[in-house]
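Student: Dropping a structure here in structure tokens format, bear with me for questions.
The values are calculated or read from the model by the stated rules, or taken from the named source; none is laboratory data. What you are looking at is a predicted structure, and each value in this text was computed from that prediction instead of being measured. In this analysis, Cβ positions are derived from the backbone assuming ideal geometry, glycine residues included, and neighbour counts consider all displayed protein chains. Ligands, DNA and RNA are stripped out before the accessible areas are found, and what is left, the full protein with its side chains, is counted by its heavy atoms. Shrake-Rupley method; radii C 1.70, N 1.55, O 1.52, S 1.80 Å.
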Amino acid sequence: MSLHRDARAVLSGWTAPTPEEETLRREFLAHLDTHDDAMWRECVPGHLTATTAVLSHNGREVLLTLHPKAGMWLPMGGHCEFSDGSLALAALREATEESGIAGLTLLNGPLALDRHKVWCHPPHSWHLDVEYGAVAPPGAEAMISDESLDLRWFPVEEIPELSDEATRRLARRARDLLLTRTGTA
């Protein structure tokens, strides 16, 4: 299955938890219908991207990267690659590359959708972000990649001001799903 078809199937089968995300879900599907290259960075109006909130094994903390271009603490994520077999695998690849943590376990997702302005194609374009959660193994140690200024664990309820509501929402949803799955909610 192509990544484009996978994204269409994922978004078609996803139940949006908010009216705003339902609107985004429909916009993302329309974008896929309109652009054969919607999965790739080369798609000038915007392109689908995959983001992952990496949680500690117990769900208490989330690993965030200090993004060099945005200047904010954000979850791991980025562009899809031709080798990605699915959006979920793209999210897991990005999380592994940017966190340096092997053995991440992806939670069932997606957990959220977000659209934000980026500068891939001046003056700007859009990232149509499909967002997941992953759990690090106990004792995992993160390693800063060349895509980050810093990398830190934060309590899910204490994400710094220098972040955004989409990051907070994704971290809470990932934590809540993990705690429900483990029966500790």
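Student: Can you compute the charge dipole magnitude of the chain about its Cα centre, using +1 on each Lys and Arg Cβ and -1 on each Asp and Glu Cβ, nothing else charged? Give it in debye, rounded to the nearest 20.
Tutor: About 400 debye.
Student: Looking at the square roots a ≥ b ≥ c of the eigenvalues of the Cα gyration tensor of segment 60-105, which shape do they give, rounded for a/c under 1.5, prolate if a/b is larger than b/c, or oblate?
Tutor: Oblate, because a/c is 1.5 or more while a/b does not exceed b/c.
Student: With viscosity set to 0.890 mPa s and temperature to 25 °C, compute the Stokes-Einstein D of segment 4-104, Rh being the Kirkwood radius across alpha carbon pairs; µm²/s, no decimals.
Tutor: On the way: Rh = 14.8 Å.
So the translational diffusion coefficient is about 166 µm²/s.
Student: Take the chain, connect every pair of alpha-carbon atoms lying under 10 Å apart with a spring to form a Gaussian network, then pick out the residue of A88, A142, A174 with the largest mean-square fluctuation.
Tutor: Result: A142 has the largest fluctuation of those listed.
Student: If you don't mind, there's one more thing I want to ask. Considering only protein heavy atoms and a 1.4 Å probe, what is the carbon-and-sulfur percentage of the accessible area of segment 37-185?
Tutor: C and S atoms contribute 55 percent here.
Student: Oh, and also: In segment 57-148, which chymotrypsin sites (Phe, Trp or Tyr not before Pro) fall in coil by DSSP and have 13 or fewer other Cβ atoms within 10 Å?
Tutor: Here the sparse-neighbourhood loop sites are F82, W119.
Student: Same structure, new question: For the chain, what ratio Rg/Rh do Cα atoms give with a Kirkwood hydrodynamic radius? Spell out each step's value before the answer.
Tutor: Values: Rg = 15.4 Å, Rh = 16.4 Å.
Rg/Rh: 0.94.
Student: Putting +1 on Lys and Arg Cβ atoms and -1 on Asp and Glu Cβ atoms, find which of G13, A30, L64 reaches farthest to the positive end of the dipole of segment 8-65.
Tutor: With unit charges placed on the Cβ atoms, the residue in question is L64.
Student: Note down the accessible area of D114, probe 1.4 Å, to the nearest 10 Å².
Tutor: 30 Å²
Student: Here's something else I'd like to know. Name the GluC sites (Glu not before Pro) in segment 94-185 that are in a loop by DSSP and that have at most 12 other C-beta atoms within 10 Å, would you?
Tutor: Passing both the DSSP loop test and the Cβ count: E141, E161.
Student: Ignoring ligands, DNA and RNA, what accessible area per residue does the chain give at 1.4 Å, in Å²? Walk me through the numbers before you get to the answer.
Tutor: On the way: 9080 Å² over 185 residues.
That works out to 49 Å² per residue.
Student: In whole Å, what are the Cα extents of segment 47-151 along the three principal axes, biggest one first?
Tutor: 43, 28, 24
Student: Which GluC sites (Glu not before Pro) in segment 1-90 pass both tests, a DSSP loop state and at most 11 other beta-carbon atoms within 10 Å?
Tutor: E42
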